[in-house]
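Since the structure comes first, as structure tokens, the remarks are kept for the end.
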């Protein structure tokens, strides 16, 4: 598993923990830093993803609502919502990976951790955002 793929897996699990518990962001990241199985590059990328999603959550959720109006964000399965949040953060705010890589990685996470319908939802939402972005529309 590549370090970026591992980092996205760990970030998903960390964001899921934050979503489902009252744990603090700092606590979750401190525990990750102490994990000997996670090297510095993975930790740095996980930290950027987790903090970025946390910081831009409202904007990202608004984008999800625009591109998946049939799936209210607060009623969406937590795993699907978090995968979309991570990918949209990368697509719109980070931009250090190509769009196709971000979308592919998000779909793979959806296949691994989501329901049977998750990959299609993730691919559809991210694809529609990527289409708008590629037409030169302003990012948030």
Any chance residue 55 is closer than 21 Å to residue 121 by Cβ, out of contact with any helix residue (DSSP H, G or I) (no Cβ under 7 Å at 6 or more places or on another chain) and part of a helix (DSSP H, G or I)
no
Would a scan of region 112-127 turn up a residue that is part of a helix (DSSP H, G or I) and loosely packed, with under 12 Cβ neighbours inside 10 Å?
no
Which of the residues that make up region 54-84 are closer than 15 Å to residue 20 by Cα and under 10 Å from the mean Cα position of the chain (by Cα)?
79, 80, 81, 82, 83
All positions within region 70-101 that are buried (at least 23 other Cβ atoms within 10 Å of the Cβ) and more than 11 Å from residue 125 (Cβ to Cβ):
82, 86, 89, 90
Checked region 1-22 for anything farther than 17 Å from residue 114 by Cα, modelled with pLDDT of 90 or more and loosely packed, with under 13 Cβ neighbours inside 10 Å; matches are 21, 22
Scan region 36-45 and give yes if some residue there is within 20 Å of residue 109 (Cα to Cα), part of a helix (DSSP H, G or I) and within 13 Å of the chain's Cα centre (by Cα), otherwise no.
yes
Residue in region 84-94 that is in a loop (DSSP other than H, G, I, E, B) and closer than 19 Å to residue 10 by Cβ present
no
Residue check: is residue 31 more than 18 Å from residue 5 (Cβ to Cβ), assigned to a helix (DSSP H, G or I), under 13 Å from the mean Cα position of the chain (by Cα) and without any contact (Cβ under 8 Å) to a residue 40 or more places away in the chain?
no
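The values are calculated or read from the model by the stated rules, or taken from the named source; none is laboratory data. All values reported here derive from a predicted model rather than from experimental measurement. Note that we place each Cβ from the backbone using ideal geometry, even for glycine, and neighbour counts take in every protein chain shown.
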